[in-house]
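For reference, the structure discussed in these notes is given below.
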Amino acid sequence: MSDYSAFFRQATLLAEPFPYQQTLAQAAWPDFLEIPTGLGKTAAIMLAWLYKRQVAHDADTPRRLVYCLPMRVLVEQTQANIDCWLERLNLQGQVNVHILMGGEDGQSWVMQPEKDTILIGTQDMLLSRALMRGYGVSRYQWPVHFALLHNDALWVFDEVQLMGAGLSTSAQLEAFRRTLITSVVTKSLWVSATLNRDWLNTVGAVAVLHG
């Protein structure tokens, strides 16, 4: 039994992780994750990130996990899950969790940029900040949010088949980051049960993401 198996079981109260969940926690982060519905994609990503940051101290895993979702109801479900996992792992004080969606505080997370942080939000709130036009944020704070989301951040785009224009925006932003090079490692991971990689064929992303 690996250390990650025990970590996963403590968080989820389930048996051993699936092989792909184990691989995600122990290998380099991929660009794409296509897994059928019901096989624990959210747990796979969240717990792999927590394990790499809090246990393995992996230098290639960014300190901010930016979990981008297309709908509010998915944000609320994801928050409930991560709160439960953090409690079981006794990590509540070591990892900050913030929600970014309409009607929620979208600024407090910038006050502790040095802490491991999970941002869970809707694509309008997150991508607008990545474009330095943050919804519900003072324009004087736009550069701060922009800088933190483009450095030391792992972007996870879940349920990409529902993202619409946000999907191509996410691909183009990742292409810019890889081309221009950020000061601290930043990555993107696109997740779906029905992932078509052609959806990410923006002008800049074709060569960068698809070789």
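The values are calculated or read from the model by the stated rules, or taken from the named source; none is laboratory data. Small disclaimer: the values here were computed from a predicted structure and weren't measured. Note that we place each Cβ from the backbone using ideal geometry, even for glycine, and neighbour counts take in every protein chain shown. What goes into the accessible areas is simple: the full protein's heavy atoms, side chains included, and nothing from ligands, DNA or RNA. Shrake-Rupley method; radii C 1.70, N 1.55, O 1.52, S 1.80 Å.
The figures follow:
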{"quantity": "All positions within the stretch 171-185 that are of a type in the set (S, T, N, Q) and farther than 21 Å from TRP199 by Cβ", "calculated": "THR182, SER183"}
{"quantity": "Residue that is nearest to GLY40 (Cα to Cα), among those in the stretch 129-170 that are among the polar types (S, T, N, Q), in a helix (DSSP H, G or I) and open to solvent by 10 Å² or more (accessible area, probe 1.4 Å)", "calculated": "GLN161"}
{"quantity": "Any hit, the stretch 77-97, residues being at pLDDT below 95 and in contact with a Leu (Cβ under 6 Å, 6 or more places away or on another chain)", "calculated": "yes"}
{"quantity": "Condition broken by LEU39, with the remaining ones in (1) hydrophobic (A, V, I, L, M, F, W, C); (2) closer than 17 Å to THR78 by Cα; (3) part of a helix (DSSP H, G or I) satisfied", "calculated": "(3)"}
{"quantity": "Number of the condition not met by LYS41 [criteria: (1) touching a residue at least 24 places away in the same chain (Cβ under 8 Å); (2) of a type outside the set (A, V, I, L, M, F, W, C); (3) under 27 Å from THR169 (Cα atoms); (4) open to solvent by 40 Å² or more (accessible area, probe 1.4 Å)]", "calculated": "(4)"}
{"quantity": "Residues that are β-branched (Val, Ile, Thr) and closer than 24 Å to VAL97 by Cβ, drawn from the stretch 17-36", "calculated": "ILE35"}
{"quantity": "Complete set of residues in the stretch 9-29 that are under 11 Å from ALA43 (Cβ atoms), open to solvent by 40 Å² or more (accessible area, probe 1.4 Å) and either modelled with pLDDT of 95 or more or among the aromatic types (Phe, Trp, Tyr) (or both)", "calculated": "PHE18"}
{"quantity": "Residue, farthest from GLY166 (Cα to Cα), within the stretch 111-123, restricted to residues that are outside any loop (DSSP other than H, G, I, E, B) and touching a residue at least 40 places away in the same chain (Cβ under 8 Å)", "calculated": "ASP116"}
{"quantity": "First in the stretch 49-70 and open to solvent by 30 Å² or more (accessible area, probe 1.4 Å), second anywhere and assigned to a loop (DSSP other than H, G, I, E, B) and aromatic (Phe, Trp, Tyr), Cβ under 9 Å, 6 or more apart", "calculated": "ASP60/TRP29"}
